[in-house]
1. Within segment 113-164, which residues are part of a helix (DSSP H, G or I) and either acidic (Asp, Glu) or in the same structural domain as Gly46 (by TED's automatic domain parsing) (or both)?
2. Can you tell me which of (1) part of a strand (DSSP E or B); (2) surrounded by 14 or more Cβ atoms within 10 Å (Cβ to Cβ); (3) at pLDDT below 95 is the one Val210 doesn't meet?
3. Within segment 58-78, count every residue that is out of contact with any strand residue (DSSP E or B) (no Cβ under 8 Å at 6 or more places or on another chain) and either acidic (Asp, Glu) or at negative phi (or both).
4. Quick one: is Ala39 surrounded by 12 or more Cβ atoms within 10 Å (Cβ to Cβ) and assigned to a helix (DSSP H, G or I)?
5. Given the conditions (1) free of Cβ contacts under 8 Å to residues at least 24 places away in the same chain; (2) crowded, with 18+ Cβ neighbours inside 10 Å; (3) not polar (S, T, N, Q), which single one is not true for Asp44?
6. Answer yes or no: is there a residue in segment 118-129 that is more than 30 Å from Ala41 (Cβ to Cβ), of a type in the set (Phe, Trp, Tyr), at pLDDT 90 or above and within 21 Å of the chain's Cα centre (by Cα).
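The values are calculated or read from the model by the stated rules, or taken from the named source; none is laboratory data. All of these numbers come straight from a predicted model, not from anything done at the bench. As a convention, Cβ positions derive from the backbone with ideal geometry for all residues, glycine included, and neighbour counts pool all protein chains shown.
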Amino acid sequence: MSATPTVTVRGEGQVEGPPELATVSVVLHTTGRTATDVARALGDLGRQVDAARPDLVYDAVRTDPLQVTPVFDRRSGVKITGYTGRYAASFVLADFAGLSDLVVALVGLPGAQVDGPWWSLRRESPLQREARLAAVRAAVNRARDYATALGATLGDLLELSDTDGGLGQMPRMFAMSAKGGAEPAPELDLEPQPQTATANVTARFALTDVPPSDALPT
């Protein structure tokens, strides 16, 4: 008995829509004679950030582990002459109305390096489901086209696998530094940027009513 003819195709889906999240990060540095001094200063910086950020509804607030690094004498490379510290935090907003207030507040911190916003979709965004459905439709249509070209009929679905895809982020960012808020706040381009969700599937279908090889189109 001959094997059932099959056709294997790939389907791709891509859907574009507005972003659902905006992420802004801030980095602050400090120095000190001892590691204890730097750790204490980093704690103070964290409290300054908490006090400065506006009272908004944040989707997430993440703080990196505090970094305290020794500074070695350049000549000997062994003697510790002091310590440096790094504080970093990121803030995720779903309501973009308060985004400019957040950025201005962070830029106003002495020595702050502010980056973002990075626009993105949620992991379970409705756009992702739309992309998956589009990928399946594309696979079915492609398989049907091949069956029609052969003069056959598209049969049952035998296998469907999700190969890759995801949330395609198109970052729009700025990088600024402010020294004690002495300079006026820079003009901000906070226009939300479109995001793309993609999905890719591989599907295998049975073919029925396949003409004999000598009757296939050439």
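1. Glu130, Asp145
2. The one condition Val210 does not meet is (1).
3. Number of matching residues: 4.
4. yes
5. Tallying (1) free of Cβ contacts under 8 Å to residues at least 24 places away in the same chain; (2) crowded, with 18+ Cβ neighbours inside 10 Å; (3) not polar (S, T, N, Q), Asp44 fails exactly one: (2).
6. Yes, that holds for at least one residue.
Results for (1) among the polar types (S, T, N, Q); (2) modelled with pLDDT of 55 or more, shown as yes or no for each residue.
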| residue | (1), (2) |
| --- | --- |
| Gly181 | no, no |
| Pro192 | no, yes |
| Gln195 | yes, yes |
| Ala206 | no, yes |
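Okay, residues lined up against (1) closer than 29 Å to Ala131 by Cα; (2) in contact with a Phe, Trp or Tyr (Cβ under 9 Å, 6 or more places away or on another chain):
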| residue | (1), (2) |
| --- | --- |
| Ser76 | no, no |
| Lys79 | no, yes |
| Ala89 | no, no |
| Val92 | yes, yes |
| Leu102 | no, yes |
| Leu106 | no, yes |
| Ala112 | no, no |
